[in-house]
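Have a look at the structure below before the remarks.
The values are calculated or read from the model by the stated rules, or taken from the named source; none is laboratory data. Computed from a predicted structure; not experimentally measured. Here the Cβ is made from the backbone with ideal geometry for all residues, glycine too, and neighbour counts use every protein chain on show.
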Amino acid sequence: MTDKKAKYQKVAYYPGCALEGSATAYDRSTRAVGKALGLELVDVKDWNCCGAMEVKNIDAKIQTYLSSRVMSIAANEMDMDVVMAPCNGCYHNLKKAEYDLKNDDQSREVVGKLSEKAGHATYQTGQVETIHALDWIRETIGEKGLGERVKNSLKGLKVANYYGCMYTRPRHIFPEKDQGPGSESTSKPHFMDDLLAAAGAVNVEFPLKTACCGGAHTLSDSDMSTKLVLNIIRAAEAGGADVIATECPTCHSGLEMHQIRAHKRFGIETKVKIIYFTQLLGLALGLKPKKVGIHENISDSLALLKEKGLA
Amino acid sequence: MRSIAELEARLEAIVTGQGTPASAEELLQSGEAVLEHWVIAKGEDPTTDEHEGFRLLALHRQGARDDASFNACRETCRELVYHYNVMSDLNADAESSQSCLQMMALIANHLILFVGGKMQEAGLGDFCCSAKPLHDEINDLSEVTDA
């Protein structure tokens, strides 16, 4: 058993706000898949906002503190050494906080003062390792193990894997990536592709897998967000995809909502369905659609899933 | 030089199959043109250099200098170049060329939309790169630690 395989069997689970709100389907499917795979999630106690995106844009060091508190609780109050965050925003922010605390004196000073004032132990770099849900499943179960557990193959389902921007950028906060064979790539991420292929899916060519979805400006410049999303959807459809698989709640809800908005605002209708990768893995593991929250998605994929024998 | 609005309109026409068909050369040049707009808006002269054999990549490096958020379109630029190279090898295969050209048009369109968006809203792409807060940082620690 590899170090990571053993280390990631039981992790502190940081759902973040999206997974308790707009992305309950992602939370539901992550927990269900973990259970089906025999992995253990322990919720971070009394977790707080990671500081994305609003706090970071006002004061990046407050964001660093907020993310550090989550890691401090996991390390000092729960005795955990791994925090798993399925949300790209949370994952990114915890990684960024780790980087800042390691490299910036002023960040350490602010976090130290605020932690003392808040009455909890100051997070020390290296106390926990932050990982994404993709790392969690890939390192513990792996493609081979997943393939052996598939009860309902995704065979015939054509998938465009959309990672979004925060999973790989900026490169310097992800020192474990771009480390050669077996590691994730920041320019061409593939962990989601690998897992879904192991579950039987056909991954289509999709050159916009890390392209901007305009999520930050969905309210301030909705038309721009709609155009960016529409272009991503068109690229997925041009590649022949039935489904865009997602691993970020911001991307996921943006794709779902702007797909509808593109129809209403610009009269352009597209067909591809938007589904979390954990939902697809859950279906492949034999879980019922309701168990993985298919009914909670805005994008109605049930007919497609029935057609493919997955529901 | 074509305006961003003109570039966007032309790409939309290509993507939706209206107007005259595009060549790989035109799509690559469209990408260069929108990056030229970005560089000029930063008060610089667009480079005529090439990086890895492509002016597009040199322009991207120039555009991203002192603005890490511009790296949010780095892979889009590289995908455009990749598809241009693939197109160069597909001359004899009409069907593959057609689908590759369509994908290349969508990539070019994304670059134009993203950079065009940043010309309107400089913050586009900022939170993903997290390198450039939209507002000045609070440098006086007492403001955040002493209440």
Positions within the stretch A:278-290 being charged (D, E, K, R) and either within 19 Å of the chain's Cα centre (by Cα) or in a loop (DSSP other than H, G, I, E, B) (or both), in sequence order: A:K288
Of the criteria (1) within 11 Å of chain B (Cβ to nearest Cβ); (2) polar (S, T, N, Q); (3) over 20 Å from A:I274 (Cβ atoms); (4) more than 18 Å from the chain's Cα centre (by Cα), which one A:Q179 fails: (1)
Members of the stretch A:120-157 found to be assigned to a loop (DSSP other than H, G, I, E, B) and within 30 Å of A:E77 (Cβ to Cβ), listed by number: A:H120, A:A121, A:T122, A:Y123, A:Q124, A:T125, A:G126, A:Q127, A:V128, A:H132, A:I141
The stretch A:104-135, residues that are touching a Ser or Thr at 6+ places or on another chain (Cβ under 9 Å) and either within 11 Å of chain B (Cβ to nearest Cβ) or farther than 30 Å from A:Q9 by Cα (or both): A:D104, A:S107, A:R108, A:E109, A:V110, A:V111, A:G112, A:K113, A:L114, A:S115, A:E116, A:K117
Return yes when A:T270 is surrounded by fewer than 21 Cβ atoms within 10 Å (Cβ to Cβ), within 13 Å of another protein chain (Cβ to nearest Cβ) and modelled with pLDDT of 95 or more and no when it is not. yes
Looking at the stretch B:104-128, which of the residues that are over 17 Å from B:V39 (Cβ atoms) and surrounded by fewer than 22 Cβ atoms within 10 Å (Cβ to Cβ) is modelled with the lowest pLDDT? B:G123
How many of the residues making up the stretch B:1-28 are among the charged types (D, E, K, R), within 23 Å of B:L57 (Cβ to Cβ) and either within 14 Å of another protein chain (Cβ to nearest Cβ) or surrounded by 14 or more Cβ atoms within 10 Å (Cβ to Cβ) (or both)? 4
Anything in the stretch A:238-261 that is touching a strand residue (DSSP E or B) at 6+ places or on another chain (Cβ under 8 Å), more than 15 Å from A:T278 (Cβ to Cβ) and in a helix (DSSP H, G or I)? List them, or say none. A:L255, A:E256, A:Q259
Any residue in the stretch A:136-145 that is hydroxyl-bearing (S, T, Y), within 13 Å of chain B (Cβ to nearest Cβ) and out of contact with any Ser or Thr (no Cβ under 8 Å at 6 or more places or on another chain)? no
Scan the stretch A:191-204 and give yes if some residue there is more than 17 Å from the chain's Cα centre (by Cα), surrounded by fewer than 16 Cβ atoms within 10 Å (Cβ to Cβ) and not in a strand (DSSP E or B), otherwise no. no
Please indicate, with yes or no, whether at least one residue in the stretch A:116-123 is free of Cβ contacts under 8 Å to residues at least 40 places away in the same chain, more than 30 Å from A:E307 (Cα to Cα), surrounded by fewer than 17 Cβ atoms within 10 Å (Cβ to Cβ) and charged (D, E, K, R). yes
So B:G31 clears everything in (1) buried (at least 21 other Cβ atoms within 10 Å of the Cβ); (2) over 14 Å from the mean Cα position of the chain (by Cα) except one condition, right? Which one? (2)
Within the stretch B:65-78, the residues that are out of contact with any Lys or Arg (no Cβ under 7 Å at 6 or more places or on another chain) and not basic (K, R) are B:D66, B:F70, B:C73, B:E75, B:T76, B:C77
For the stretch A:205-233, the count of residues that are in contact (Cβ under 8 Å) with a residue 12 or more places away in the chain, surrounded by fewer than 19 Cβ atoms within 10 Å (Cβ to Cβ) and either at the interface with chain B (Cβ under 10 Å from one of its Cβ atoms) or aromatic (F, W, Y) (or both) equals 2
Please tell me if B:V81 is hydrophobic (A, V, I, L, M, F, W, C), within 14 Å of chain A (Cβ to nearest Cβ), assigned to a helix (DSSP H, G or I) and out of contact with any Lys or Arg (no Cβ under 8 Å at 6 or more places or on another chain). yes
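So that you can scan it fast, the table gives a plain yes or no per residue for (1) away from chain B (no Cβ under 11 Å); (2) of a type in the set (A, V, I, L, M); (3) without any contact (Cβ under 8 Å) to a residue 60 or more places away in the chain:
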{"residue": "A:R31", "(1), (2), (3)": "yes, no, yes"}
{"residue": "A:A36", "(1), (2), (3)": "yes, yes, no"}
{"residue": "A:E54", "(1), (2), (3)": "no, no, yes"}
{"residue": "A:Q63", "(1), (2), (3)": "no, no, yes"}
{"residue": "A:V83", "(1), (2), (3)": "yes, yes, no"}
{"residue": "A:P86", "(1), (2), (3)": "yes, no, no"}
{"residue": "A:C90", "(1), (2), (3)": "yes, no, no"}
{"residue": "A:L94", "(1), (2), (3)": "yes, yes, no"}
{"residue": "A:L101", "(1), (2), (3)": "yes, yes, yes"}
Within the stretch A:65-81, track down each residue that is of a type in the set (A, V, I, L, M, F, W, C) and either part of a strand (DSSP E or B) or within 14 Å of chain B (Cβ to nearest Cβ) (or both). A:L66
